[in-house]
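This is the structure, below, for whatever I ask next.
The values are calculated or read from the model by the stated rules, or taken from the named source; none is laboratory data. Predicted model, so just to flag it, every value in this text is computed and none were measured. Here the Cβ positions follow ideal geometry from the backbone for every residue, glycine too, while neighbour counts run over all protein chains shown. Note: accessible area is taken over every heavy atom of the protein model, side chains too, but ligands, DNA and RNA are not part of it. Shrake-Rupley method; radii C 1.70, N 1.55, O 1.52, S 1.80 Å.
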Amino acid sequence: VAAAAPPQFIREIIHAAKEYGAKPSTRGRQVARAWSDPSHLRRRLGATTQYKCEASNPGGEVNFGANHFMYTNGRASRNPPIKNVKLSWDDWLEKVEEGKNKSILDPDSRFYFRFSASSASDSQSGWLFKELPFFQPKKNVFFVEPKAQRGIHCRFGMEGVVAEAHWDGSRNMIAQFHGRRRYVLVDPDNTCDMYLLAKNHPSGRHSEVDWSNPDGWENFPKFPTMPAHEVVQRPGDFLYLPTYYLHYIVSIDTNYQCNTRSGKDDRQTKIVNECTPGFSKNRKPAPGKLLGAQKPAGHR
């Protein structure tokens, strides 16, 4: 499932896949089958080991309501839009069951379960590098720059969770191992139509628009006609997001996703900066100025 990609990018993926020696979808489906068993992940994660997870903070700075998640970039915020909570695997599974009987409008009814491994030697989650061999920093279809990898990061979502629209400053390969997530994707060429928060905002790189509230779109006249496309990730699917590609994510049901990064591509830095309040130039370049920028691609 994918948007169109430039021929050169497709050729690079095919070449890397041949060198890798196995279809990514085959490996991904194997993990999906294993992770569909909660006891398998319990053995890996531990039943009582606590992990740094997340809940939304309704009323927080630029929070669009219960179970809307917007991240901070390290700058101080008196009232951040998310809050950290400690949960074990069994704690989170219990929250999942409780959430089935709660409205997504109820605060603290949805949680992201998160864990990461910086390397195979990571004492808590290093097992991820063996469990997900396609994310080992080696030359393969997933890595443009293997040496630029910064670990494997997993985020498990609950039905109805929304991750607000934002961009990431690196190449991002996302694997889905359980459940479904809906991604709405926007090319960086259209960044100005996203109405990004200011550079110095604690949640800078996010859209100021509440995508789930059309009644408020009148304050953002370019947003309703902004070009966008979408994809639903299912178990075994991989989605490649180029640097700065904007994305808005909705968890359709309980889902497990892991991602890894591979350096960055600066070809669309200029347009993103020009469309971000706080930079010296806030104007959109003429159409076609950024021809050749990469597009997202998926593999199923």
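Take the residues in the stretch 196-248 that are closer than 24 Å to Gly65 by Cβ and aromatic (Phe, Trp, Tyr); name whichever of them is most open to solvent (accessible area, probe 1.4 Å).
Ranking the qualifying residues of the stretch 196-248, first place goes to Trp217.
Starting from the stretch 131-153, keep only residues that are on the phi > 0 side of the Ramachandran plot, then list their pairs with residues that are open to solvent by 30 Å² or more (accessible area, probe 1.4 Å) and assigned to a helix (DSSP H, G or I) whose Cβ atoms are within a distance under 9 Å, requiring at least 6 positions of separation or different chains.
If the second residue must be open to solvent by 30 Å² or more (accessible area, probe 1.4 Å) and assigned to a helix (DSSP H, G or I), no pairs are left.
Take Lys222 and decide whether it is under 15 Å from Cys258 (Cα atoms) and free of Cβ contacts under 8 Å to residues at least 40 places away in the same chain.
Details: under 15 Å from Cys258 (Cα atoms): no; free of Cβ contacts under 8 Å to residues at least 40 places away in the same chain: yes.
So Lys222 fails the test.
More than 18 Å from Cys275 (Cα to Cα), open to solvent by 10 Å² or more (accessible area, probe 1.4 Å) and among the small types (Gly, Ala, Ser): is that true of Gly169 in this structure?
no
Does Ser109 fit the bill of being in contact with a strand residue (DSSP E or B) (Cβ under 8 Å, 6 or more places away or on another chain) and of a type in the set (Ser, Thr, Tyr)? Break it down into steps so the answer makes sense when it comes.
Numbers: in contact with a strand residue (DSSP E or B) (Cβ under 8 Å, 6 or more places away or on another chain): no; of a type in the set (Ser, Thr, Tyr): yes.
Taking the combined requirement at face value, the residue does not satisfy it.
If Thr243 meets every condition in (1) modelled with pLDDT of 95 or more; (2) within 24 Å of Phe129 (Cβ to Cβ) apart from one, which number is that one?
(1)
What are the residue pairs meeting all of these: first residue in the stretch 236-253, first residue over 21 Å from Ala34 (Cβ atoms), second residue part of a strand (DSSP E or B) and modelled with pLDDT under 90, Cβ atoms under 6 Å, and 6 or more apart or on different chains?
Tyr240/Ala297
Among what's in the stretch 12-45 and is charged (D, E, K, R) and modelled with pLDDT under 80, pick the residue that is least open to solvent (accessible area, probe 1.4 Å).
Glu12
Quick check on my filter: what residues within the stretch 119-129 are open to solvent by 30 Å² or more (accessible area, probe 1.4 Å) and either at pLDDT 95 or above or hydrophobic (A, V, I, L, M, F, W, C) (or both)?
Ala120, Trp127, listed by residue number.
If you don't mind, another one. For the stretch 254-300, give me each residue that is of a type in the set (Phe, Trp, Tyr) and either farther than 30 Å from Arg33 by Cβ or modelled with pLDDT under 90 (or both).
Passing the criteria: only Phe279.
Condition first: modelled with pLDDT under 80 and charged (D, E, K, R). Now tell me which residues in the stretch 46-82 satisfy that.
Those that are modelled with pLDDT under 80 and charged (D, E, K, R): Glu61, Arg75, Arg78.
Output the number of residues of the stretch 134-163 satisfying the condition of being outside any loop (DSSP other than H, G, I, E, B) and surrounded by fewer than 18 Cβ atoms within 10 Å (Cβ to Cβ).
3
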